[in-house]
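What follows is a single structure, written as structure tokens, with notes after it.
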Amino acid sequence: MRAAFLRRSVLAVPVATLVVLTPACGSSSDTPSARAGSPEATVEAETTTTAALSTAELRRAALVQGDVPGYVVGKADEGITGPVTVDRAVCLPFALALFAAPQKGSVGATGLTVTKPDTAGVDTGSVTSEDEVTEEVEKSVEMTTSLVTLSSYEEEEATAALAGVRAAATACSAGFTARVEGRTQEVFRILPAGANGGQAAAGWTTSVGDADKETPFSLVVARQGSTLVSFTTMDAGAYLGKRPATDEVSGPPATLVSAQLAKLS
């Protein structure tokens, strides 16, 4: 998975920005959204039908730098993930959401990367080239990265698309195999996690990798009108093999989720 999916993770974050970003940014409001809410991982609200947004409209509604203080926000439309296939068709909706791709039948779609770097302990004073800075950052920075994907649907199709992701998570809770941009990925156990935001939301935790390495992922999918927003969150450094993975990863911070959904309201 070295093409668009990885470009939307740690590789998409400007190194200079990481080096100068103050690690103390953020506040107590950065509570992970994926840990809020009920164990059923679902929030429902009254369905409201709105016109499906075009890709251009979704780009304008996407977060930009400065919308979420303390975070590095990439440019919208950095590339939706390429072909995603699965060994069991029933698992495809979950795989599409997890790997930052729109659901089947979407009218428009765009994606961006939002990263919360903690640069404490990064020593860039002894390096001279950009490549050396990049290496130091990748090895040392704990970088929580969320791949944010916005996709729009006609009439009630957004509701149906979210229902499809939920059904796939249940049917494939023991895991499945996916091919993403030509690379085989094992998706291991899928567990429900709390989620809130928008008119409906659901969340899960899982891990992705192979027999030798698993990296924890969090997925939250929220619906606002006819638009779905998926937040795939991971420790990008661990995923790239720069350091050992932790046992779990927090979901997207509530400030990030609320900021993006507010721009769609």
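The values are calculated or read from the model by the stated rules, or taken from the named source; none is laboratory data. Please read all numbers here as calculations on a predicted model, not as lab measurements. All Cβ positions, even for glycine, are placed from backbone atoms using ideal geometry, and neighbour counts span all protein chains on display. Accessible surface is based on the protein model in full, side chains and every heavy atom, while ligands, DNA and RNA are left aside. Shrake-Rupley method; radii C 1.70, N 1.55, O 1.52, S 1.80 Å.
For the reader, a short list of remarks on this structure follows.
- Flag if Leu264 is aliphatic (A, V, I, L, M), modelled with pLDDT of 90 or more and outside any loop (DSSP other than H, G, I, E, B): no
- Filter result (at pLDDT 55 or above and of a type in the set (S, T, N, Q)) within region 88-125: Gln103, Ser106, Thr110, Thr113, Thr115, Thr119
- Residue tally, condition in contact with a helix residue (DSSP H, G or I) (Cβ under 7 Å, 6 or more places away or on another chain) and either open to solvent by 30 Å² or more (accessible area, probe 1.4 Å) or hydroxyl-bearing (Ser, Thr, Tyr) (or both), over region 180-204: 3
- Flag if Val220 is under 25 Å from Val107 (Cβ atoms), assigned to a strand (DSSP E or B), open to solvent by less than 40 Å² (accessible area, probe 1.4 Å) and in contact (Cβ under 8 Å) with a residue 40 or more places away in the chain: yes
- Single residue of region 148-165 satisfying the filter (outside any helix (DSSP H, G or I) and either modelled with pLDDT of 95 or more or of a type outside the set (Asp, Glu) (or both)) that is farthest from Gln103 (Cα to Cα): Val148
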